[in-house]
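Down below is the structure, laid out as structure tokens.
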Amino acid sequence: MPPAIRTQGLTRLYRKAPRRGVPAQEFRAVDGVDLEIQPGELFGLLGPNGAGKTTLIKILCTLLFPTSGTAEVCGLDVVKDCERVRERINMVSGGEPSGYGLLTIREQLWVFSQLYGLSTAEAMSRIDRMLDQYGLAKDAGTKINRLSTGMRQKMNLIRGFMTAPSVLFLDEPTLGLDAHIARQTRDFIRAWMAEDRTRALLLTTHYLAEAHELCDRVAIIHQGRIRACDTPENLVAAHRGDAVFEITLSGLDGQSEALRRDPDMKVSRLDADPAAGHTTVRFSLADDAALPGALSRMAALGGRIVNLSKHEVTLEDVFVKIAGQTIADAEKSSE
Amino acid sequence: MAIALTARKVATAFSLSWKKEANWTTLPVYVLYALARPVAGALVIWVMAAAAGRPAGYLEPAWYSLAAFQFVPAVLGGTSWAVLEDRERYQMFKYVYLAPGSAVPYLAGHALARAVQALIGATALSIAGAFLLGLRPAAFDPLLLAAALALGVTTLLFLGLALAGVSLHVARHGHFMTESIGGVFFLFSAAVFPVDTLPSWMRFVSYASPVTWWLELVRRSLGLRFGKVLEAVPTPAILGILAAFCAASVAAGLLGWAAGERKAKWKGLLDATTAY
Amino acid sequence: MSSLANNLRAARARAWIRVVAANRELSWVFFETFLPAMTTAGYVLVYRALGAPPEFESYVILGGVMTAFWLNVLWGMAAQFFWEKDMGNLDIYMMAPISRMSILLGMAVGGMLGTAIRSVVILVLGIVLFRVQFHLPGLATAFGIFLLAMAALYGLGMMLASLFLLFGRGAQRWVEVAQEPVYLLSGFNFPLASLGRTAAALASAFPLALGIDAIRQTALDSRTGFLPVPVEAAILAGLAVAFFFLARFMLRVMENRAKREGRLTLKWQ
Ligand SMILES: Nc1ncnc2c1ncn2[C@@H]1O[C@H](COP(=O)(O)OP(=O)(O)O)[C@@H](O)[C@H]1O
Ligand SMILES: [Mg+2]
């Protein structure tokens, strides 16, 4: 069986329109991506906003040409063989509205099933089963006009699952969902994968904990490049030696950003709470011995310790280390 | 304070609408676009007259009536189109709606942008008629024409507002809607034929339409006559009738929009999408 | 062969949306059938004012009937691709294993419900109010011509639709611009021959022009035809075939260009 997805040197340039004084520029949304995903794998693509996740998915879904490099889905080239690729895939993009306001959820799903050659009987039985399984059955007659975010997202996901594609792409499937529905969604994804061991699923997210819980393997993408690719356990294990601390300080008085420039600390989270006068910082150090030095530099900024604790390394800490930036920083710099 | 806010809203909406209308291309192409519709419409009338042997006394009044008629679908439809486009396509009508103050100035700005576009077409048709086709108006009373335009555009704008209130409640009909509302006035206001041609029951409907009187006033300002029926009414009376219609339409527009809007909020239609 | 079945299934589903949604929201009956008949009646009265012979009034009625189909092509099909893009449905259609033409066909057929009713309203109006007299022996031929003209017209519509894969508002504006000059060029309101030979010949590239002309010659027994009916029918058939292949070609070219430029699913452009 060929790999579910294989890309080699996949690159996509976008042209940025010229603005006053700035000539037209090209920039790399996806940059030399090599990936191989096997049938049966639940693969996570992690990265901040603007990392190039959606662009990569669009290329794999035959909605966008790559600028260079190759991409295959089920052994078929996404450019040359796009029609046969389409028979094997489906894609759901989180948070995006779709459908026709005057139709109901059930009708809308039937319409989309008809694009995949399903007979009406087969389509309806799949749709009803999934509506039931995903806790949407009672809303099946609600018009698309009137959906809540959670209902809309569930409908979108069923649209992808119901055609039983060999490779399913989910772009930010839990975007904007509450904790309960996000959990239902993860359960639904796992159940669908368990139904058929030859299915492959590529999902993108910037919720790192979710990826850790759900995915067999993850790749960290940043500024269009794959920075690491392994099982979440291995990624975390490789950094187990790191010392991760969380400290709450008072008395920093707006100087908290200075902590990011500390030579030893890799800051993965920094929450300033001006109302309480507190700043909470999560950071990693090469080893415990570096802690006293870091603490004295904090004291020099005027910080007094309210709370200090040591933590297990998480995927987020690994991401910070690999990308050299925190997710939040990357989002800022991409704006 | 409130006036300044209103004025700023109108101006913003005007420029936003103008951008939506015009910034997809260069100015010359835009002008070509703005002219294609009125010119084609006028040529249809021209060829029809030619096919019927060009009876005397028809083309002059018909031509300038048609020029003025450009405002009807544009201004009348400008508001409801703004509602539909913002709600369905850009899905941002709810933000317009929840901004401080009323949505009326926002909609009015859109209608005014369309009025400018109609003005381009009407001017071009008039110039072409007078100087290229030899359809000379018998007189020219700029003051009367300006008064007619001001009253007419205001009336249309507020009627359009009432229509926008309705359009919150219908599924997206896009261009069909503007086109068809224009069609009603085309027929019942005797846009390009004299009121005399209408069967008598329709004639009474036409008296109830402000557009009938408005077009007649425009023709008067150019010294043109179209049929005999309206001839008996003196110009000041027409001005009065039109002013009364204008006042009524302001009331009808504000009330109609408010009612439509309130009902839409009740039914949750302000951010609905209905296209199919 | 199964791919043909799948494409027809997809077209049926797209048409079904139109029919069901139209049934749920009946305001279109007023806006799209009753009101447009007013414009047609207006043009009939123009001929009355001009003192033209009564057969000219029948010409207008027939033109009004055909307008509905032209508008369905423009707004119900071509520009609809643009709406689908903004509503988030275009990506779903584009990545499905079906031809783009089946979606367009579905829109066209689904929109036929409205257009058919609109045409019937105008026809009835013409017969009852304006006493249009049909030439009964010519009706069968007229219907055949109508089908040919529709095939060519919807092919043209698919060509226009392809523009919306790449362009957004710009394409919409051109479609808007096309609307009324086409009323002029296809002689909705007057005999095609009144345009003069050259203009009429040029207008013949647009399927409704010859379609309407031939239908007038057959269904109304009009003597003001531009070309003999068999010639017009042959040209229409040629146009239908040519537009079909051109549309397929343009849909592919535009899709590929849009995928290269990253604009296929770019919203609100
Ligand atoms: N059609 C496009 N044209 C130009 N730039 C684009 C286009 N689509 C995305 N981009 C840019 O490419 C970069 C990557 O975007 P995207 O793939 O959507 O990132 P992600 O999904 O990881 O948030 C962003 O900087 C975005 O602005
Ligand atoms: Mg994305």
³J(HN,Hα), Karplus 6.51/-1.76/1.60, whole Hz, each residue of the range B:5-15, x for Gly, Pro: 4, 4, 4, 5, 5, 4, 5, 4, 5, 4, 6
Assigned charges on the beta-carbon of Lys, Arg, Asp, Glu; chain C dipole about Cα centre (debye): 720 debye
Sequence-distant residues sharing a close amide H with residue A:45 (under 5 Å, placed H): A:203, A:204, A:205, A:219
Crossing angle, helix C:207-219 versus chain C [Cα axis fit, 0-90 degrees, rounded to tens]: 40 degrees
Which of B:64, B:38, B:140, positive extreme of dipole for chain B (C-beta unit charges): B:38
Nonlocal amide H pairs with residue C:220, under 5 Å, H built at 1.01 Å: C:135
Rounded if a/c under 1.5, otherwise prolate or oblate - the range A:146-214, Cα gyration tensor axes: oblate
Accessible area of the protein assembly as shown divided out per residue, in Å², using a probe of 1.4 angstrom: 39 Å²
Other-chain or far-sequence residues with amide H under 5 Å of residue A:243's (modelled H): A:285, A:287
Exposed trypsin sites (Lys or Arg not before Pro) absent: longest stretch of chain A, with sites in DSSP loops and at most 11 other Cβ within 10 Å deemed exposed: A:81-196
Shielding score for C:80-92, defined as the mean number of other chain Cβ atoms within 10 Å: 6
Rounded to 10°, Cα long-axis angle of helix B:104-127 versus longest principal axis of chain B: 20 degrees
Helical contribution to [θ] at 222 nm, DSSP H n ≥ 4, -39,500 (n - 2.57), averaged over chain B, rounded to 500: -23500 deg cm²/dmol
Value of [θ]222 nm, deg cm²/dmol, for chain C, DSSP H segments ≥ 4, -39500 (n - 2.57) each, nearest 500: -25000 deg cm²/dmol
Rounded if a/c under 1.5, otherwise prolate or oblate - the protein assembly as shown, Cα gyration tensor axes: prolate
Chain B: most fluctuating residue of B:249, B:102, B:206 per GNM, C-alpha cutoff 10 Å: B:102
Positive dipole terminus of the range C:2-261, leading residue within C:71, C:161, C:129 (C-beta point charges): C:161
Which of B:182, B:47, B:102, positive extreme of dipole for the range B:2-264 (C-beta unit charges): B:102
Subset of B:20/B:263; A:53/A:138; A:143/B:94; B:267/C:267; A:154/B:20; B:94/C:267 violating a 23 Å alpha-carbon distance limit: B:20/B:263; A:53/A:138; B:267/C:267; A:154/B:20
Accessible surface of the protein assembly as shown, 1.4 Å probe, proportion on carbon and sulfur as whole %: 62 percent
Using θ = phi - 60° and Karplus 6.51 cos²θ - 1.76 cosθ + 1.60, couplings along the range A:152-161 (whole Hz; Gly, Pro as x): 4, 5, 4, 4, 4, 5, 4, 4, x, 5
Cα centroid separation - the range A:123-181 against the range A:240-317, whole Å: 41 Å
Max mean-square fluctuation residue, GNM over chain A, Cα-Cα springs under 10 Å, options A:17, A:294, A:211: A:17
Centroid-to-centroid separation of the range C:156-182 and the range C:4-65 [C-alpha atoms, Å]: 20 Å
Check: the range A:1-58 dipole with +1 on Lys, Arg Cβ and -1 on Asp, Glu Cβ, in debye: 520 debye
Cα centroid of the range A:14-71 to Cα centroid of the range C:242-269, whole Å: 21 Å
Rounded to the nearest 20 debye, dipole of the range C:119-269 from Cβ charges on Lys, Arg, Asp, Glu: 560 debye
Computed lengthening from residue A:297 to residue A:253, 0.36 nm per intervening residue step minus Cα-Cα distance: 14.3 nm
Residue-by-residue Karplus 3J(HN,Hα) for the range A:301-308, coefficients 6.51, -1.76, 1.60, Hz, glycine and proline x: 7, x, x, 10, 6, 9, 7, 9
Residue among A:218, A:306, A:318 with the largest mean-square fluctuation in a Gaussian network model of chain A, springs linking Cα atoms under 10 Å: A:306
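The values are calculated or read from the model by the stated rules, or taken from the named source; none is laboratory data. These figures come from a predicted structure and were not determined experimentally. Glycine also receives a Cβ, built like all others from the backbone with ideal geometry; neighbour counts cover every protein chain displayed. To get the accessible areas, we keep the full protein, side chains included, count just its heavy atoms, and leave off ligands, DNA and RNA. Shrake-Rupley method; radii C 1.70, N 1.55, O 1.52, S 1.80 Å.
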